[in-house]
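Written out below as structure tokens is the structure these notes cover.
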Amino acid sequence: MEWNLIFFVNSILLGVGLAMDAFSVSIANALGESGMKKNRMCFIAGVYAFFQFAMPMIGWICVHTVVEYFQNFEKFIPWIALALLLWIGGKMIWEAVRCEEDSDDENALTKLTFVTLLIQGVATSIDALSVGFTIADYGLLMAFVASLIIAGVTFAICMTGLLIGKRAGEKLGSKATLLGGVILVGIGIEIFVKGVVF
């Protein structure tokens, strides 16, 4: 593969495709936290961007070292993503329902924790491991640059999702967390179906 316009366009398109799940999760997170500040939004988008950078690089390394083990692991990716997002989304739905029952407690809904954010980062980027196969013919530097481009695109897309979710959350009020949980469960099912059926 050569350093040319096609390389950069392909990397940007990969970034857009891979970032769609993180985009939806960003909307869901901001729905549940409508008062989110800019530095927190940058941090959340940065976590997703980091995982979208790391996973293709890990995939590339696996292809060039332990390819047989990686191919065996690949079939579990949809199951892992489904389990993680069902757990997080189910937790959000449960908290939203509990908050409605206990409507006098406005702080009943918990903020997005760092551990939950890391789990979401893994769940939304785990399919990017297989991008290691796509970029297997790249040298190390090209794979690194492609992963950086993917991370940059992910950051921009997730910031957009957070802004959209924040605005919608302000309008939806207490129903926003419930909607956010439903979105996460839907994303988990979509990743699973896409990974198992196609």
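The values are calculated or read from the model by the stated rules, or taken from the named source; none is laboratory data. All values reported here derive from a predicted model rather than from experimental measurement. Note that each Cβ is placed from the backbone with ideal geometry, even for glycine, and that neighbours are counted across all protein chains shown. With ligands, DNA and RNA removed, areas are computed over all heavy atoms of the protein, side chains included. Shrake-Rupley method; radii C 1.70, N 1.55, O 1.52, S 1.80 Å.
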Pick from VAL66, VAL122, VAL131: which is most flexible by mean-square fluctuation in a GNM of the chain where alpha carbon atoms under 10 Å apart are linked?
VAL66
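Would you calculate the convex hull of the Cα atoms in the chain and tell me its volume per residue in Å³? Numbers along the way, then the final one.
Values: hull volume 21.8 nm³, N = 198.
Spelled out: Cα convex hull of the chain, divided by residues, is 110 Å³.
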Just how much of THR65 is accessible, in Å², when a 1.4 Å probe is used and the result is rounded to the nearest 10?
100
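Just from its helices, what would the mean residue ellipticity at 222 nm be for the chain, if runs of 4 or more DSSP H residues each count -39500 (n - 2.57) and the sum is divided by every residue, rounded to the nearest 500 deg cm²/dmol?
After summing the helix terms and dividing by residue count, I get -27500 deg cm²/dmol.
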Are there any helices in the chain, counted as whole DSSP H runs, that stretch 30 Å or more along their axis by Cα and score at least -0.5 on average by Kyte-Doolittle, and if so which?
5-31, 38-64, 77-101, 140-172, 175-197
Of the listed pairs LYS38/LYS75; LYS75/LYS166; LYS75/LYS175; LYS91/LYS171; LYS75/LYS171; LYS37/LYS75, those with alpha carbons more than 31 Å apart are LYS38/LYS75; LYS75/LYS166; LYS75/LYS175; LYS75/LYS171; LYS37/LYS75
Counting alpha carbon pairs within less than 8 Å and at least 6 residues apart, what relative contact order, in whole percent, applies to the chain?
50
Once you've got the GNM for the chain with C-alpha springs shorter than 10 Å, pick whichever of PHE23, PHE51, PHE73 has the biggest mean-square fluctuation.
PHE73
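With a 10 Å radius around each residue's Cβ, average the other Cβ atoms per peptide and rank 161-167, 75-81, highest first.
Numbers: 161-167: 20.7, 75-81: 16.7.
Those peptides, ordered most packed to least, come out 161-167, 75-81.
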